[in-house]
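K.L.:
The structure is given below, and queries will be raised subsequently.
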Amino acid sequence: MKKEIKMRGQVKKWMKNKRLSFVYIILILLVIYVAIDQFLNENYENVFLCVLTMLLFSIPSFIEKKIKVMLPGALEVLILLFIFAAEILGEINSYYAMFPHWDDMLHTINGFLAAAIGFSLIDILNQNERFMITLSPFFVAVFAFCFSMTIGVLWEFFEYGMDQLFGLDMQKDTLLTKVPYIDIGLIDTMTDLIVNFIGAVTFSVFGYLYVKNRGKGKFVNKFIPKFINSKKDSKKD
């Protein structure tokens with residue numbers, strides 16, 4: 001029985017790695033193509049963004065090795081697509097300007113991903129036998145929501161700081177500073193936080209149902225990292 005479970009887990013891991021490798025290779029090739037194109041056009045700032053994107057792509061595997069957790073394939077793919085959409089499509093290909101709601105979509109996904117990370121952190125501690133306190137499903141969901149909103153607020157602080165210190169226009173306010181009584185930057189900030197809120201609430205609700213009916217939430221299970229050496233997880237798989 002144990003051998004069968006172990007073999008099933010290895011097959012699942014192999015399938016995950018195969019799909020993930022396919023997505024990863026396609027995205028890397030696209031980034032390299034964009035980097036070469038930008039270099040030939042002497043857009044060296046965009047070349048730097050391409051290099052940064054490839055470095056960001058390595059974060060999920062770095063986390064898996066250092067913290068010894070297994071990230072679900074769906075979560076890794078979503079993270080990779082999010083990075084590609086933000087840096088390559090959004091910044092270099094000007095999707096932020098071409099599609100008015102591109103930024104809103106990314107902030108919604110960010111709220112969802114941040115809630116997933118916050119949920120995973122508290123849920124792992126919640127299942128750890130060394131901790132005497134077991135948190136309720138509601139508290140776990142609230143923590144995930146608060147964690148996501150905190151990340152969203154910190155990002156807005158970052159945008160404001162970059163605008164003030166380096167004269168950027170991350171808050172979409174620089175071009176309209178002379179227009180009386182209109183603060184486009186405030187509208188951009190509030191819109192970002194509202195869509196982050198939507199993403200955070202969405203995952204928190206699913207997370208609550210997952211904890212309340214432990215192991216039955218197939219959707220949430222695709223976005224929750226698990227310790228590789230966790231005995232509980234091996235029993236569930």
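Here, each number is a calculation from the coordinates, and none is a lab measurement. Remember, it's a predicted structure, so these values are computed and weren't measured experimentally. Note that we place each Cβ from the backbone using ideal geometry, even for glycine, and neighbour counts take in every protein chain shown.
K.L.:
How high is the FRET efficiency from Asn93 to Ile187, r the C-beta distance, R0 25 Å, rounded to 0.05?
P.N.:
For R0 = 25 Å, the calculated efficiency reads 0.55.
K.L.:
Right, next: Which order do the peptides 199-209, 53-63, 74-84 come out in when sorted by mean C-beta neighbours inside 10 angstrom, highest first?
P.N.:
Result, highest mean first: 199-209, 74-84, 53-63.
K.L.:
Taking the Cα centre of the range 16-158 as the origin and placing charges on Cβ (Lys, Arg +1; Asp, Glu -1), which of Leu49, Gly90, Phe147 is farthest toward the positive end of the dipole?
P.N.:
The Cα lying farthest towards the positive end belongs to Phe147.
K.L.:
Output the peptides 107-116, 156-165, 26-35 sorted from most to least packed, where packing is the average of other Cβ atoms within 10 Å over each peptide's residues.
P.N.:
107-116, 26-35, 156-165
K.L.:
At what distance in nm do the modelled label points of Thr150 and Arg19 sit from each other, each positioned 7 Å from its Cα along Cα→Cβ?
P.N.:
Placing both labels 7 Å beyond Cα along the Cβ direction yields 3.2 nm.
K.L.:
Taking R0 as 30 Å, what's the FRET efficiency between Phe227 and Ile198 from their Cβ-Cβ distance, rounded to 0.05?
P.N.:
0.50
K.L.:
Sort the following peptides by mean Cβ neighbour count (other Cβ atoms within 10 Å, averaged over residues), highest first: 95-103, 145-153. List each step's numbers first, then the result.
P.N.:
Details: 95-103: 13.4, 145-153: 19.3.
The most tightly packed comes first, giving 145-153, 95-103.
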